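Enquirer: What follows is a structure written as structure tokens; I'll ask about it next.
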Amino acid sequence: MSSIDTEHRRLCHALFDAIEAGDIDAVERCYAPDMTLWFNATGEVMSREDNLAVLAEGRELHRRRTYNDRIVNTFADGFVAQYTVNVVTHKGAEVALSACLVAEVRDGKIAKLFEYLDSGKFGRG
């Protein structure tokens, strides 16, 4: 049997890998049915469905988006991931954003996400 640490790390990497690949179905499998996401740049909470729609639309905004330098720490009911989002725009500009994602996990699925991006770099590139 896997430890909670291993399960949460797998879930975290499955989420990031699915977003990088643009695999919205795989992202959806990571989420609990009532998942919500709070985003520091807007201060708003969005539903699972709204987040999946944003991710689907976001695939068209960039040539490539990767989640690098992942540092994942787990706890009994979730994980914290520090990482760098590297984006290449369609014009070839490269932007790197420092970020942190805090996740609450319930029954092996992400129930709540709290995303913090270095919003001071938005709009560049």
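Enquirer: Of ASN68, ASN73, which residue is surrounded by fewer than 13 Cβ atoms within 10 Å (Cβ to Cβ) and in a strand (DSSP E or B)?
Expert: Details: ASN73 fails: surrounded by fewer than 13 Cβ atoms within 10 Å (Cβ to Cβ).
Residue meeting the stated conditions: ASN68.
Enquirer: Restricting to segment 50-65, give me the number of residues that are open to solvent by less than 50 Å² (accessible area, probe 1.4 Å) and within 18 Å of ALA103 (Cβ to Cβ).
Expert: Going through segment 50-65 one residue at a time, the tally reaches 3.
Enquirer: Shifting gears a bit: Given the conditions (1) of a type outside the set (D, E, K, R); (2) assigned to a strand (DSSP E or B); (3) at pLDDT 95 or above, and given that LEU52 satisfies all but one, which numbered condition is not satisfied?
Expert: Here LEU52 meets the rest and fails (2).
Enquirer: So, in segment 25-35, of the ones that are open to solvent by less than 50 Å² (accessible area, probe 1.4 Å) and more than 12 Å from the chain's Cα centre (by Cα), which residue ends up nearest to ASN68 (Cα to Cα)? Give the steps one after another, and end with the answer.
Expert: Narrowing segment 25-35 to residues open to solvent by less than 50 Å² (accessible area, probe 1.4 Å): 26-27, 30-32, 35.
Subset that is more than 12 Å from the chain's Cα centre (by Cα): 26, 32, 35.
Details: ALA26: 19, ALA32: 25, MET35: 24 Å.
The extreme case among them is ALA26.
Enquirer: Something else: Take segment 36-49 and flag every residue that is part of a strand (DSSP E or B) and open to solvent by less than 80 Å² (accessible area, probe 1.4 Å). Give the steps one after another, and end with the answer.
Expert: Start the filter on segment 36-49 by keeping residues that are part of a strand (DSSP E or B), which leaves 36-39, 44-47.
Matches in segment 36-49: THR36, LEU37, TRP38, PHE39, MET46, SER47.
The values are calculated or read from the model by the stated rules, or taken from the named source; none is laboratory data. Computed from a predicted model, the values in this text were never measured in an experiment. Note that each Cβ is placed from the backbone with ideal geometry, even for glycine, and that neighbours are counted across all protein chains shown. Note: areas computed on protein heavy atoms with side chains; ligands, DNA, RNA excluded. Shrake-Rupley method; radii C 1.70, N 1.55, O 1.52, S 1.80 Å.
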